[in-house]
Amino acid sequence: FGFRHVVIATGSYWRTDGVGRWHTVPVESFNNPGVYSPDDIMKDTSVKGPVVIFDDDRYYMGSLMAEKLRAEGHDIVFVTPLGNVAEWTRYTGEQESIQAGLIKMGVEIVTGKAVTGFDGEKALLSCVFTGRQDSVPASSIVSVTARIPDDKLYYRLMQDPPILEEKGIKTVNRIGDC
């Protein structure tokens, strides 16, 4: 290796099972075809509309997914448990322009609800305050919830401390999303 200290920054990948801030366990029906991650969308995976974006990340990624898919001609319903799109961007001064942009593009925005089910034809939405349920047409779901660390390399290296010592490596650290 030739290094005394190793830093690993291998990143992460987006979950498709709905786990995030709102859902702390996987949404069972999210294991069906038609559920995508932002990684899938950025790889130009073909999706069928109408598309529901479930944004529980609360930053910019959900709105980016909505813009991209709307520009491709899909009908979009943007669902968030919060009161606004991209709520965290209030701290960066962008929230109002992001939400206005989505409205101008024709994205339907649903606030105060979480996506709690999907059957390939509709998304089940539940009010975060009352639990009351309704549904919207959906052939695809984009789950913008949480990420899973890509930490395989780190754990492979850490499995063999004697070889690290033999190679002169004193420390191995993970940084960032890893």
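The values are calculated or read from the model by the stated rules, or taken from the named source; none is laboratory data. Note that the coordinates shown come from a computational prediction; the quantities given were computed from them, not determined experimentally. When we count neighbours, we look across all protein chains shown, and the Cβ atoms used for this are built from the backbone with ideal geometry, even at glycine. All accessible areas refer to the heavy atoms of the entire protein, side chains included, with ligands and DNA or RNA removed. Shrake-Rupley method; radii C 1.70, N 1.55, O 1.52, S 1.80 Å.
Of all residues in the stretch 160-178, how many are touching a residue at least 12 places away in the same chain (Cβ under 8 Å) and either loosely packed, with under 15 Cβ neighbours inside 10 Å or not aliphatic (A, V, I, L, M) (or both)? Of the residues in the stretch 160-178, 10 are touching a residue at least 12 places away in the same chain (Cβ under 8 Å) and either loosely packed, with under 15 Cβ neighbours inside 10 Å or not aliphatic (A, V, I, L, M) (or both).
Here Ile141 meets the list (1) surrounded by fewer than 20 Cβ atoms within 10 Å (Cβ to Cβ); (2) closer than 20 Å to Lys48 by Cβ almost entirely, failing just condition (1).
Would you please name the residue that is least open to solvent (accessible area, probe 1.4 Å), looking only at residues in the stretch 144-159 that are assigned to a helix (DSSP H, G or I) and basic (Lys, Arg)? Full working, then the answer.
Restricting attention to the stretch 144-159, the residues satisfying the condition of being assigned to a helix (DSSP H, G or I) are 152-158.
Right, trim to basic (Lys, Arg) and you get 152, 156.
Working: Lys152: 128, Arg156: 154 Å².
Within the stretch 144-159, the match that is least open to solvent (accessible area, probe 1.4 Å) is Lys152.
Residue-by-condition table, conditions (1) open to solvent by less than 50 Å² (accessible area, probe 1.4 Å); (2) in contact (Cβ under 8 Å) with a residue 12 or more places away in the chain; (3) among the hydroxyl-bearing types (Ser, Thr, Tyr):
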residue	(1), (2), (3)
Val79	yes, yes, no
Thr92	no, no, yes
Glu96	no, no, no
Ala100	yes, no, no
Ala114	yes, yes, no
Glu121	no, yes, no
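Out of the residues in the stretch 10-44 meeting the condition of being hydroxyl-bearing (Ser, Thr, Tyr) and either more than 12 Å from the chain's Cα centre (by Cα) or modelled with pLDDT under 95 (or both), tell me which one is surrounded by the fewest Cβ atoms within 10 Å (Cβ to Cβ). Ranking the qualifying residues of the stretch 10-44, first place goes to Thr24. Before we move on, is Val6 crowded, with 18+ Cβ neighbours inside 10 Å and not aromatic (Phe, Trp, Tyr)? Taking the combined requirement at face value, the residue does not satisfy it.
Can you find even one residue in the stretch 57-66 that is open to solvent by less than 50 Å² (accessible area, probe 1.4 Å), part of a loop (DSSP other than H, G, I, E, B), in contact with a Leu (Cβ under 7 Å, 6 or more places away or on another chain) and more than 12 Å from Met105 (Cα to Cα)?
Narrowing the stretch 57-66 to residues open to solvent by less than 50 Å² (accessible area, probe 1.4 Å): 57-58, 61-63, 65-66.
With the extra rule that they be part of a loop (DSSP other than H, G, I, E, B), the set shrinks to 57-58.
Now narrow it down to the ones that are in contact with a Leu (Cβ under 7 Å, 6 or more places away or on another chain): 58.
After this cut, where a residue has to be more than 12 Å from Met105 (Cα to Cα) as well, the list is 58.
Looking for residues that are open to solvent by less than 50 Å² (accessible area, probe 1.4 Å), part of a loop (DSSP other than H, G, I, E, B), in contact with a Leu (Cβ under 7 Å, 6 or more places away or on another chain) and more than 12 Å from Met105 (Cα to Cα), one finds at least one in the stretch 57-66, hence yes.
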